[in-house]
Amino acid sequence: MALSQVAFALPPGVLAAFITPRRTAALSLPARPIRSSSAERSRSWSSRRSHDRRPMASATAVANAVRTGEDLPEDYDTRFPAVDPRRRRRAGVLLHPTSLPGPHGIGDLGDEAIRFLDWLHAAGASVWQVLPLVPPGRKSREDGSPYSGQDANCGNTLLISLIELVQDGLLMKNELPESMDVEHVDFKTVEDLKDPLIAKAAKRLLLSQGELKQQLNDFRKDPSISTWLEDAALFAAIDHNVNAFSWNEWPDPLKNRHLGALEDVYRKHEDFIDIFVAQQFLFQRQWQKVRQHARKLGIKIIGDMPIYVGYHSADVWANRKSFLLDRSGFPILVSGVPPDAFSETGQLWGSPLYDWRAMEENGFAWWIKRINRALDLYDEFRIDHFRGFSGFWAVPSESKVAMCGRWKAGPGKAFFDAVFKAVGDIDIIAEDLGVITEDVVQLRKDIDAPGMAILQFGFGSDADNPHLPHNHEPQQVVYTGTHDNDTVLGWWGNLGEEEKYTVQKYLSFAEGTGISWSLIQCAMSSVARTAIVPMPDILGLGSSARMNIPATQLGNWKWRIPSSMSFDSLKPEAEKLKGLIAMYNRL
């Protein structure tokens with residue numbers, strides 16, 4: 001058959017592949033930009049949704065266009081199936097920056113964050129998952145919790161590296177405090193140590209001239225930043241100067257955001273507001289330096305977005321109509337979950353619930369702003385308690401336990417349709433743990449978001465348990481455990497003998513070979529596209545390294561990598577992890 005006859009029979013896309021020496025070259029997908037505009041993401045969202053249904057210029061298409069028995073092109077045997085980069089298998093580590101080693105009582109965004117990324121790269125991993133980077137709500141009575149933040153968009157300034165501030169010329173070396181060799185974070189001690197020094201650095205930045213000051217000015221003028229930063233700064237200024245437990249106890253003009261009262265705050269506390277903004281700039285500058293290093297190494301950063309925000313926050317105060325509050329501003333209903341594996345009476349989180357109808361009327365503007373901010377910080381992000389978009393547990397605000405709540409309908413797919421239209425192509429992981437009904441599963445599939453599987457949850461019931469590896473799906477993220485679980489070693493120590501026997505039989509490992517690495521290997525072997533391992537499991541640590549115990553308020557979020565375990569000393573663990581990553585095609 002002549003080429004012109006083949007051309008007549010083929011659509012243009014297939015013809016391009018037919019005359020190209022390598023099909024892979026003709027079909028290679030452009031590399032995804034680190035940060036694209038909303039319009040670009042919107043276009044790619046549409047193409048992504050139709051990607052799996054597009055006709056591909058494959059060897060099959062060419063063969064079908066040639067009559068039976070006739071010659072195929074000379075390069076026919078080089079036309080291999082194209083691999084969608086979005087489906088490439090990968091592996092990563094869950095480690096919150098507060099858990100990094102460092103000299104000042106808490107992990108930070110300095111050299112140790114860079115060393116961790118280098119270690120992660122040496123281990124063959126391509127994903128770093130973190131918990132929310134928001135500042136912990138210091139009045140929330142949840143010691144250091146990143147899930148009870150005072151602002152949904154601000155960064156945790158306790159993560160700012162003091163040593164980096166010295167290198168920027170904003171602190172003197174002799175102003176640095178003595179090193180603190182501690183394995184658990186004492187948040188009050190860290191606040192007392194770092195807050196004054198970070199504020200001093202911010203003041204010096206404001207008084208300076210030069211490129212860094214210009215970068216600060218540009219940061220403050222950036223529309224994607226200023227839309228949330230000014231409210232956050234104003235809220236912090238009032239909170240600092242009014243002695244009250246929550247904004248609902250502020251004087252009425254401030255509580256109700258009377259324009260004259262707010263202008264008065266700006267006049268009286270301009271210095272405080274400027275310092276607040278400068279501190280957020282310093283966080284942003286250091287985080288983006290870390291993120292840039294991750295990009296250079298080919299490592300994606302997965303963030304975490306709690307579905308709810310704290311009541312005493314700039315978000316609720318500045319957007320009262322978007323929440324279910326009474327006329328005085330007090331929550332009518334609050335968040336939680338019914339009785340589950342963590343609590344017989346359910347979990348009472350206490351965050352105000354959204355007024356989804358009011359939010360829909362303004363196009364979910366607050367959420368779109370929040371998601372755009374997440375895209376500024378992360379490559380992808382997990383939405384905690386994803387099921388709340390289908391149906392959410394609503395508890396009367398006066399209740400002491402969560403079990404007396406009731407289910408209410410969430411916004412469903414209409415929410416994500418609005419978000420994708422405004423923001424475009426984004427990668428979401430759906431935290432679909434707990435009571436997961438059919439509508440939650442369908443919503444996750446409708447938006448093409450992977451769900452989660454937790455190996456520790458897999459061995460206490462029947463063979464149809466969705467957390468067992470033989471029930472995993474490719475479009476899923478598998479974990480040995482999350483920040484809410486005990487470490488693998490701690491979990492193993494608390495299992496009964498019958499369940500231990502089930503685990504040993506399933507994993508085919510002998511006592512003494514190490515449960516932590518056995519479960520890590522199990523995660524790597526899963527068909528799930530993404531496998532994530534908490535750092536304590538790689539280090540083989542027990543319950544003292546657990547990050548959080550759900551339904552408790554104190555004593556959580558404190559664990560740090562012991563100072564005796566430098567990343568240089570962890571080369572054997574990196575090599576072992578890389579071996580498993582390579583074995584299961586996750587490099």
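The values are calculated or read from the model by the stated rules, or taken from the named source; none is laboratory data. Just so it is clear, the structure is predicted and the values come from calculations on it, not from any experiment. Please note: Cβ atoms are built from the backbone with ideal geometry, for glycine as well, and neighbour counts cover all protein chains shown. For the accessible areas, the whole protein counts, side chains as well, though only heavy atoms, and no ligand, DNA or RNA atoms are used. Shrake-Rupley method; radii C 1.70, N 1.55, O 1.52, S 1.80 Å.
Equivalent ellipsoid of the range 137-204: semi-axes from √(5λ) of the C-alpha gyration tensor, largest first, are 23, 15, 9 Å.
Grouping the Cα pair distances of the range 197-265 into 5 Å bins from zero gives a pair-distance distribution of 3, 14, 17, 20, 18, 14, 10, 3, 0 percent in increasing distance order. Largest first, the three principal axis extents of the alpha carbons in the range 478-570 are 36, 35, 29 Å in whole numbers. Rounded to whole Å, the principal axis extents of the Cα atoms in the range 468-517 read 32, 24, 19, largest first.
Rolling a 1.4 Å probe over the protein heavy atoms gives the range 318-416 an accessible area of 42 Å² per residue. Rolling a 1.4 angstrom probe over the protein heavy atoms with all chains in place gives the range 110-160 an accessible area of 26 Å² per residue. I need the fraction of alpha carbon pairs in the range 154-287 separated by more than 22 Å, rounded to a whole percent. Value for the range 154-287: 43 percent of Cα pairs lie more than 22 Å apart.
How large is the Kirkwood hydrodynamic radius of the range 83-127, in angstrom, based on all distinct alpha carbon pairs? With all distinct Cα pairs of the range 83-127 included, I get 11.9 Å.
What does the net charge come to around PRO466 if you take all other residues with beta carbon closer than 10 Å to its beta carbon, with K and R at +1 and D and E at -1? Surrounding charge for PRO466 is -3. Which value, in Å to one decimal place, does the Kirkwood hydrodynamic radius take for the range 108-231 when every pair of different Cα atoms is included? The answer is 16.7 Å. Close amide H contacts of GLY310 (hydrogens built in the peptide plane, cut-off under 5 Å, sequence separation of 5 or more or a different chain): GLY149. Ranked by the mean number of other Cβ atoms within 10 Å per residue, highest first, peptides 234-246, 90-102, 64-76, 174-186 order as 90-102, 234-246, 174-186, 64-76. Amide H contacts for LEU171 (H built 1.01 Å from N in the peptide plane; partners 5 or more residues away or on another chain; cut-off under 5 Å): VAL166.
The fraction of accessible area contributed by carbon and sulfur in the chain is 53 percent, rounded to a whole number (1.4 Å probe; ligands and nucleic acids excluded).
Residue-wise HN-Hα couplings along the range 474-489, as the Karplus relation 6.51 cos²θ - 1.76 cosθ + 1.60 with θ = phi - 60° gives them from phi, are x, 7, 7, 10, 9, 10, 5, x, 10, 5, 8, 9, 5, 5, 4, 5 Hz; Gly and Pro carry x.
The alpha carbon radius of gyration of the range 203-359, expressed as a multiple of 2.2 N^0.38 Å, is 1.27.
Under a no-solvent Debye model with one identical scatterer per Cα of the chain, what's log10 I(q)/I(0) at q = 0.06, 0.09, 0.11, 0.13 Å⁻¹? Values, matching the q order: -0.35, -0.77, -1.12, -1.50. Near the amide H of LEU94, within less than 5 Å, lie the amide hydrogens of GLN129, VAL533, MET535, all on another chain or at least 5 residues away, with H placed in the peptide plane.
Placing +1 on the Cβ of every Lys and Arg and -1 on the Cβ of every Asp and Glu, with nothing else charged, gives the range 146-246 a dipole about its Cα centre of roughly 400 debye.
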